[in-house]
């Protein structure tokens with residue numbers, strides 16, 4: 001969706017999709033707007049509570065069944081396992097996604113890792129296609145005037161045109177671009193606290209081959225899971241940037257992390273968006 005600043009100002013029911021790497025401030029911004037009566041739609045929350053809910057629970061139960069006491073209690077329906085996913089706590093989703101590597105160190109085999117990656121991709125596509133429905137529900141059911149789609153960092157890697165068509169038709173897409181200083185900080189933070197991520201299969205295969213060659217390892221099961229995540233993150237980061245930029249150029253607009261960090265209320269946000277529309281239209 002392309003709008004002039006004037007059209008944006010007159011838009012009674014604003015709907016915006018935030019795009020960018022994890023850590024650039026999408027969720028902080030969405031939470032700020034949520035306090036001022038914007039409906040906060042979290043793609044990762046929708047994935048975890050709806051599309052991957054059963055798969056996440058099955059994985060937990062499978063682990064619990066390895067413990068005789070818990071197995072006995074589960075089989076007799078004496079205990080119940082459920083997810084406690086929230087917008088602010090998505091650990092169950094990332095834990096299910098998992099890390100590639102040595103099973104003895106908590107890693108997943110390549111086949112299982114790719115299976116979960118595919119499940120996550122399909123779930124993210126479905127969650128983004130749900131956006132138009134939730135725009136209507138947020139207004140008709142919950143009484144919200146405005147809608148913010150806090151999209152996952154991997155949206156740029158889905159390679160599904162229907163997702164971009166849906167989001168650009170129903171929302172204003174805003175890409176939050178990290179400054180050079182923030183890029184360094186984001187990479188440092190990710191390497192200090194490695195977390196499971198989604199990778200396009202083509203990218204994963206290419207980087208995995210390079211990693212195995214550099215580390216002189218014979219196969220994926222020999223990988224130290226956290227080490228691979230740390231090693232690959234900067235490569236993933238810079239691989240995603242042109243993808244984000246292409247989406248923003250064709251379908252939306254760009255704000256910097258410097259601008260986003262200065263947003264403390266709805267008025268601040270609306271001001272910088274209007275400015276971006278004036279400069280980039």
Q.
I want to verify a result. In a Gaussian network model of the chain, Cα cutoff 10 Å, which of these has the top mean-square fluctuation: 136, 224, 202?
A. 202
**Q.** Ranked packing of 151-159, 203-211, most packed first, by mean Cβ within 10 Å
**A.** 151-159, 203-211
Q | R0 of 30 Å, Cβ-Cβ distance residue 184-residue 84: FRET efficiency to nearest 0.05 | A | 0.30
Q) Residue separation times 0.36 nm, minus the C-alpha to C-alpha distance between residue 65 and residue 105: what's the value? A) 12.5 nm
Q. Hey, can you rank 84-90, 28-34 by average C-beta count inside 10 Å, highest first?
A. 28-34, 84-90
Q. How long is the gain from residue 234 to residue 76 if the chain were fully straight, where each residue apart is worth 0.36 nm and the alpha carbon distance is subtracted?
A. 52.2 nm
Q: May I ask you to compute the full-extension gain from residue 203 to residue 91, defined as 0.36 nm times their residue separation minus their alpha-carbon distance, rounded to one decimal in nm?
A: 37.9 nm
Q) Between the helical axis of 225-251 and the dominant principal axis of the chain, each derived from Cα atoms, what acute angle in degrees is found, rounded to the nearest 10? A) 30
Q | Rel. contact order, % - alpha carbon contacts under 8 angstrom, at least six apart, the chain | A | 33
Q) To the nearest Å, what is the center-to-center distance of region 15-87 and region 196-242, using C-alpha atoms only? A) 25
Q) So how tilted is helix 53-64 from the main axis of the chain? Cα-based, degrees 0 to 90, rounded to 10. A) 30
Q | On Cα atoms only, tilt of 201-215 relative to the major axis of the chain in degrees | A | 50
**Q.** Percent RCO, i.e. relative contact order, over region 1-150, from Cα pairs under 8 Å lying at least 6 residues apart
**A.** 42
Q: Can you bin the chain into rounded, prolate or oblate? Criterion: square roots of the alpha carbon gyration tensor eigenvalues sorted a ≥ b ≥ c, rounded for a/c under 1.5, prolate for a/b above b/c, oblate for the rest.
A: oblate
Q. Can you put 80, 139 in order, fewest other beta carbons within 10 Å first?
A. 80, 139
Q. Could you work out the helix-only [θ] at 222 nm for the chain, with each DSSP H run of four or more residues adding -39,500 (n - 2.57) and the total divided by the number of residues, to the nearest 500 deg cm²/dmol?
A. -17500 deg cm²/dmol
Q. In nm, to one decimal, how far is the residue 266 label point from the residue 224 one, both placed 7 Å along Cα→Cβ?
A. 5.0
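Every read-out reported here was derived from the displayed coordinates using simple, explicitly stated rules and does not represent laboratory data. On a predicted model such as this, the values are computed, not experimentally measured, just so you know. A quick note on method: Cβ atoms are made from the backbone with ideal geometry, for glycine too, and the neighbour counts reach across all protein chains shown.
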